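Take a look at the structure set out below.
The values are calculated or read from the model by the stated rules, or taken from the named source; none is laboratory data. What you see is a predicted model; the values in this text were computed from it and never measured. Backbone-built Cβ (ideal geometry, glycine too); neighbour counts: all protein chains shown. Just the protein is used for accessible areas: all its heavy atoms, side chains included, with ligands, DNA and RNA removed. Shrake-Rupley method; radii C 1.70, N 1.55, O 1.52, S 1.80 Å.
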Amino acid sequence: MPPLVELEDIYKIYYMGDSEVHALDGISLKIEKGEFVAIIGKSGSGKSTCMNIIGCLDVATKGTYRLNGKNISNYTDDELAEVRNKMLGFIFQQYNLLPKLTLLENVALPLLYAGVSDSEQKERALRSLDRVGLKDKAKNFPSQLSGGQQQRASIARALAGNPSVILADEPTGALDSKTGREVMQFLQELHREGNTIVLITHDNSIAAQAQRVVRITDGKIVYDGPAEGDEIVSKQDKAGDA
């Protein structure tokens with residue numbers, strides 16, 4: 001079986017006048033089905049650019065991206081949109097729920113774009129809300145919920161399409177520490193169920209909860225391995241234990 005996600009010698013270059021800025025500088029990365037991977041780095045390291053390419057929100061300047069064995073490097077915008085809709089689920093820091101739609105309508109929205117029938121949209125959206133403990137809030141609007149509930153609703157939206165990969169971009173960044181722990185526990189539960197999760201974070205303590213850590217600095221991967229093998233994450237863990 002090919003890797004679920006495979007980046008091969010990926011560059012993302014921005015041009016500013018006569019100079020080149022390498023947001024990604026020749027990175028190669030493989031993620032297998034069922035892994036829980038944290039991509040970590042400081043602001044400006046390239047981690048968000050990496051997520052945008054994996055999530056088909058941006059394209060590489062050069063290099064090859066294969067998703068589930070299929071080379072999608074040269075897909076058109078419409079083809080990338082279809083891949084996003086059918087294979088990828090997104091969890092964002094700021095939830096990205098539409099305020100004028102109920103939770104049920106928010107969760108069902110990607111299914112609408114995918115051409116799913118109205119009855120199946122409702123059934124799958126309710127099932128996803130039930131998984132995150134929000135079925136009884138289906139008719140509520142986002143403003144009527146706490147931050148943690150809104151993030152769980154965004155997780156339900158990501159799950160509704162049965163994605164091959166769940167991309168979580170700083171999912172605890174807007175939450176207090178207790179609610180953030182609850183969200184991480186839920187992501188770990190999804191991983192135990194067999195879901196593939198790619199978590200983007202700048203927080204070592206969050207990265208330490210993943211199965212594997214990929215650390216990016218100046219557009220290059222400087223560590224790729226078990227969380228306990230990452231020197232910086234390990235120091236963070238020991239500091240927390242102390």
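The table that follows gives values for the structure above.
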item	result
Where a residue in segment 111-132 is among the hydroxyl-bearing types (S, T, Y) and its partner, wherever it lies, is buried (at least 20 other Cβ atoms within 10 Å of the Cβ), with Cβ under 6 Å and at least six apart	S128/V107; S128/A156; S128/L159; S128/A160
Candidate set from segment 5-18 (those that are part of a strand (DSSP E or B) and not charged (D, E, K, R)); member that is most open to solvent (accessible area, probe 1.4 Å)	Y15
Top-ranked residue of segment 213-229 - restricted to ones that are open to solvent by less than 30 Å² (accessible area, probe 1.4 Å) and touching a residue at least 24 places away in the same chain (Cβ under 8 Å), ranked as farthest from T172 (Cα to Cα)	G219
Residue identified as out of contact with any Lys or Arg (no Cβ under 9 Å at 6 or more places or on another chain), modelled with pLDDT of 90 or more and at negative phi among M16, M87	M87
Count of residues meeting criterion [on the phi < 0 side of the Ramachandran plot, part of a loop (DSSP other than H, G, I, E, B) and either crowded, with 19+ Cβ neighbours inside 10 Å or small (G, A, S) (or both)] in segment 60-82	2
Verdict on I206 being modelled with pLDDT of 90 or more and either open to solvent by 40 Å² or more (accessible area, probe 1.4 Å) or touching a Phe, Trp or Tyr at 6+ places or on another chain (Cβ under 8 Å) (or both)	no
Selection from segment 34-59 of residues that are out of contact with any Ser or Thr (no Cβ under 7 Å at 6 or more places or on another chain) and either assigned to a strand (DSSP E or B) or small (G, A, S) (or both)	F36, V37, I39, S43, G44, G46, S48, G55
Single residue of segment 158-180 satisfying the filter (under 9 Å from the mean Cα position of the chain (by Cα) and not small (G, A, S)) that is farthest from G148 (Cα to Cα)	V165
Qualifying residue in segment 19-33 (condition: part of a loop (DSSP other than H, G, I, E, B) and open to solvent by less than 40 Å² (accessible area, probe 1.4 Å))	no
